[in-house]
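Have a look at the structure below before the remarks.
The values are calculated or read from the model by the stated rules, or taken from the named source; none is laboratory data. This one's a predicted model, so the numbers in the text were calculated from it and none came from an experiment. Note: ideal-geometry Cβ built from the backbone for every residue, glycine included; neighbour counts use all protein chains shown.
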Amino acid sequence: MKLSTFILRRLALSIVVLLGLSLLIFVISRVVPGDPVRLALGARAPQEVVDKISAEMHLDKPYPIQYVMWLKGVVQGDFGTSLYTRRSVSQDIRAFLPATLELAIYSGIMMTFFGILLGVLSVQNKNSWVDNIVRVISYLGVVTPAFIFAIIFVLLFGFYLDAFPISGRLSPGIEAPPFITGMITIDSLITGNFRAFFNALTHLFLPALSLAMAGLSQQARIARSSMSDNLQKDYILAHRAYGIPERKIFFKYLLKPSLIPTVSILGLDFAALLSNAFLVELVFNWPGISRYGVNAILRKDLNAVAAVVIILGITFVVVNIVVDVVVAYLDPRIRMRRDRSSAI
Amino acid sequence: MQSSTPDIKQSLWEKRKDNFSRVWYKFSGNYLSIVGLTIVFIVIFLAIFAPWVTPYPEHRGAFVDFSNSMQPPNIEHWFGTDAVGRDILTRVIFGFRFSLMMGFVVIGLAAPPGIVAGLVAGYFRDTWIDTVIMRVTDVFLAVPPLILAMAITAVLPPNVFYAMIAVTLMWWPWYARLVYGIASSLQNEFFVQAAQVTGASKTYIIFREILPNSISAIFTKMTLDVGIVIIIAASLSFVGLGAQPPTPDLGTMVSDGAKYLPDQWWVTICPAVAIVFIVLGFNLLGDGLRDMLAVEEV
């Protein structure tokens, strides 16, 4: 299959998947709970008010029509009004999403960098104490939920060592940069506000690290095993026979093909990042979309819930397409088959 | 084929025993698997006999003893006591019950439909049946399970029962995906073709030829998944969408205890360590099984 055909096929599939997802979310948020307006207004609200708001939000139409109208809005970026705050959900999302994306991006960078670093260290010192420590860390990383890491880091680095701030995105007293992308580190760089930039970085460190731990461990494990597999291959032996320095073999010839498996699970790891952001944002008081989503869920604000899930679904699908294309570019064999093993 | 004389039965039994000891030999060669198995056994034992092995079984629910509140770990209370004076060790052991129940029930409910869907789609590979089933699973796999589970719990009252339903609904596609991969590759094997040639029915081939050959992968994945589901359940409770107080649940205990950091660290750290302990057990066991059964797909 040619790369362009592969990408087109992948895009077409994603649209089907997103349509299916929107239907699923619609069913969950509209059909299951009965009357959402009644739910939002409470049992004592007069029937006329409930009817009026239902009509305003087109909730009195049959489900298929509601779905089409809702989907039309979603495609145009309009997720309706929040039943709870009576504000436009899209506005809320625009305010809260950048914080989560910023967290997830930094976390993804940490995950990839430290994961591969640990994997390399582990292979370079195979069966030594370094290797053993890396293996223990990567095992604990897989079995420990993100919120437990968050709590342990808060206790260790926040309270005992007092090295990093443990709440919010900026310290009080630091002026926030104007809202351009909504990501404080980028906005502060654009406006040249380096004080805010470094302050935002210290605030990002602990939440991003707690979020990264699970993926980091998995990356380290995969990098370790794929590198030690490739180390046995003939081409490495040939390079050695030519007398190419061990360092060059390692970083030039061994690392690149060994990183394909770690790239190909990046998509799944990013999904894990997005879902674990729910937990980490709660611990660190991070004003992101996940915390917004949890509050929406607790208040049964169904338009907001649907919007959050759709947005996260779209992000996830887009990341996966990018990852698939990158992997297909790196390794032509992948274009032929499309099945990846499961992770969280 | 019908001659089931005692002799044959005897030799079958011998063979099975022989098989078992070989499997056990392979399994016990990896000491980490033994550690995992031991942890799982300990946790299951404690969970079943919780009312008898815990020092203060009455502390499991809404019990209040303010004179004993916030005691750090000591001889009488190994894990200390919480804000209302309940013994944390007792509540952790009762918490194992909920974690295990969640893990076993969710996997028990999610695996069978996922397996059937995967088998059918894999057997009818490249037909419309395959397309429909696998596109539906793609939809479910397109969103992280924790988030969809939250969305489902959003419309249902927050409690353990609905949390279990939500996670179950999210979990079957992973089995469909796994079994699909195996079934579609087995479909071209000689033993399947031989069965087709002899006129075996599709149901027979799917369930008696292909399924038994997928069992080791399925079983390994189930073991590993119990750990993951326990994490997801604890996460739901941590957010406040799972078990509700005063039910002794590990996730709820961690989130309640986080209020008392850093001075009363044991209130949150002890249940947190308990979660890691139980998940570690299932993961070590699952990894051991994977190595032993030489399963690559999971």
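Out of A:ILE265, A:ILE314, one residue alone is closer than 20 Å to B:MET170 by Cβ and surrounded by fewer than 19 Cβ atoms within 10 Å (Cβ to Cβ). It is A:ILE314. Summed over the stretch A:239-293, residues that are in a helix (DSSP H, G or I), under 30 Å from A:ALA306 (Cβ atoms) and in contact with an Asp or Glu (Cβ under 6 Å, 6 or more places away or on another chain) total 2.
Looking at this structure, is B:ALA166 at the interface with chain A (Cβ under 9 Å from one of its Cβ atoms), in a helix (DSSP H, G or I), small (Gly, Ala, Ser) and surrounded by 24 or more Cβ atoms within 10 Å (Cβ to Cβ)?
no
Just one of the listed residues (A:GLN232, A:GLN218) is more than 30 Å from B:TRP174 (Cα to Cα) and surrounded by fewer than 24 Cβ atoms within 10 Å (Cβ to Cβ), and it is A:GLN232.
Just to be sure before I move on: is A:LEU13 of a type in the set (A, V, I, L, M), in a helix (DSSP H, G or I) and touching a residue at least 40 places away in the same chain (Cβ under 8 Å) in the structure I sent? When the stated conditions are applied, A:LEU13 does not pass them.
Scanning the stretch A:282-298 for residues being in contact (Cβ under 8 Å) with a residue 12 or more places away in the chain and within 9 Å of another protein chain (Cβ to nearest Cβ) gives a total of 6.
Of everything in the stretch B:207-216 that's in contact (Cβ under 8 Å) with a residue 60 or more places away in the chain and surrounded by fewer than 20 Cβ atoms within 10 Å (Cβ to Cβ), which residue is nearest to the other protein chains (Cβ to nearest Cβ)?
Selected residue: B:SER216.
Per this entry, A:PHE6 is counted among residues that are closer than 29 Å to B:VAL136 by Cβ, in contact (Cβ under 8 Å) with a residue 40 or more places away in the chain, of a type in the set (Phe, Trp, Tyr) and out of contact with any Gly (no Cβ under 9 Å at 6 or more places or on another chain). Quick check on my filter: what residues within the stretch B:235-259 are more than 11 Å from chain A (Cβ to nearest Cβ) and surrounded by 24 or more Cβ atoms within 10 Å (Cβ to Cβ)? Across the stretch B:235-259, the qualifying residues are B:GLY242, B:ALA243, B:PRO248, B:ASP249, B:THR252, B:MET253.
B:PHE238 meets the conditions (1) within 15 Å of the chain's Cα centre (by Cα); (2) free of Cβ contacts under 8 Å to residues at least 24 places away in the same chain in every case but one. The failed one is (1). Kindly indicate whether A:ASP187 is in a loop (DSSP other than H, G, I, E, B) and out of contact with any helix residue (DSSP H, G or I) (no Cβ under 7 Å at 6 or more places or on another chain). Taking the combined requirement at face value, the residue does not satisfy it.
Taking the criterion of being in contact (Cβ under 8 Å) with a residue 12 or more places away in the chain and within 14 Å of chain B (Cβ to nearest Cβ), the residues of the stretch A:108-148 that qualify are A:ARG135, A:ILE137, A:SER138, A:TYR139, A:LEU140, A:GLY141, A:VAL142, A:THR144, A:PRO145, A:ALA146, A:PHE147. Suppose the filter is touching a helix residue (DSSP H, G or I) at 6+ places or on another chain (Cβ under 6 Å), at the interface with another protein chain (Cβ under 10 Å from one of its Cβ atoms), of a type outside the set (D, E, K, R) and more than 18 Å from B:ILE232 (Cβ to Cβ); does A:ALA277 pass it? Spelling it out, it is not the case that A:ALA277 is touching a helix residue (DSSP H, G or I) at 6+ places or on another chain (Cβ under 6 Å), at the interface with another protein chain (Cβ under 10 Å from one of its Cβ atoms), of a type outside the set (D, E, K, R) and more than 18 Å from B:ILE232 (Cβ to Cβ).
Residues are listed down the side, and each one gets a yes or a no for (1) surrounded by fewer than 23 Cβ atoms within 10 Å (Cβ to Cβ); (2) within 21 Å of the chain's Cα centre (by Cα); (3) farther than 19 Å from A:ASN230 by Cβ; (4) not polar (S, T, N, Q):
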{"position": "A:ILE109", "(1), (2), (3), (4)": "yes, yes, yes, yes"}
{"position": "A:ILE116", "(1), (2), (3), (4)": "yes, yes, no, yes"}
{"position": "A:GLY119", "(1), (2), (3), (4)": "no, no, no, yes"}
{"position": "A:ASN127", "(1), (2), (3), (4)": "yes, no, no, no"}
{"position": "A:ASP131", "(1), (2), (3), (4)": "yes, no, no, yes"}
{"position": "A:ARG135", "(1), (2), (3), (4)": "yes, no, no, yes"}
{"position": "A:THR144", "(1), (2), (3), (4)": "yes, yes, yes, no"}
{"position": "A:PHE147", "(1), (2), (3), (4)": "no, yes, yes, yes"}
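Among the residues of the stretch B:138-146, is there at least one that is in contact (Cβ under 8 Å) with a residue 60 or more places away in the chain and within 30 Å of A:ILE297 (Cα to Cα)? Yes - at least one qualifying residue is present in the stretch B:138-146.
Residue-wise test of (1) over 30 Å from A:GLY313 (Cα atoms); (2) at pLDDT 85 or above; (3) among the β-branched types (Val, Ile, Thr).
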| position | (1), (2), (3) |
| --- | --- |
| B:PRO72 | yes, yes, no |
| B:ILE88 | yes, yes, yes |
| B:MET102 | no, yes, no |
| B:ALA111 | no, yes, no |
| B:ILE115 | no, yes, yes |
| B:ILE129 | no, yes, yes |
| B:LEU156 | no, no, no |
| B:PHE161 | no, no, no |
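Let's see how each residue does on (1) modelled with pLDDT of 80 or more; (2) within 30 Å of A:VAL323 (Cα to Cα); (3) surrounded by fewer than 19 Cβ atoms within 10 Å (Cβ to Cβ):
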{"site": "A:LEU21", "(1), (2), (3)": "yes, yes, no"}
{"site": "A:GLY34", "(1), (2), (3)": "no, no, yes"}
{"site": "A:LEU41", "(1), (2), (3)": "no, no, yes"}
{"site": "A:HIS58", "(1), (2), (3)": "no, no, yes"}
{"site": "A:GLN76", "(1), (2), (3)": "yes, yes, yes"}
{"site": "A:ILE93", "(1), (2), (3)": "yes, yes, no"}
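Filtering the stretch B:217-232 to residues that are more than 10 Å from chain A (Cβ to nearest Cβ) and among the small types (Gly, Ala, Ser) leaves only B:ALA217. If the condition is being more than 10 Å from chain A (Cβ to nearest Cβ) and buried (at least 24 other Cβ atoms within 10 Å of the Cβ), then the stretch B:120-155 contributes B:ALA121, B:GLY122. Counting just the residues of the stretch B:260-274 that are surrounded by fewer than 24 Cβ atoms within 10 Å (Cβ to Cβ) and touching a residue at least 24 places away in the same chain (Cβ under 8 Å), which one comes out nearest to B:ARG60 (Cα to Cα)? My answer is B:CYS270. For the stretch A:317-339, what are the residues that are modelled with pLDDT under 80 and within 9 Å of another protein chain (Cβ to nearest Cβ)? A:ASN320, A:ASP339, listed by residue number. Looking only at the stretch B:260-272, residues that are more than 8 Å from chain A (Cβ to nearest Cβ) and either acidic (Asp, Glu) or within 16 Å of A:LEU282 (Cα to Cα) (or both) come to 2 in all. For the stretch A:19-35, the criterion of a residue being over 24 Å from B:LEU148 (Cα atoms) and without any contact (Cβ under 8 Å) to a residue 24 or more places away in the chain is satisfied by no position.
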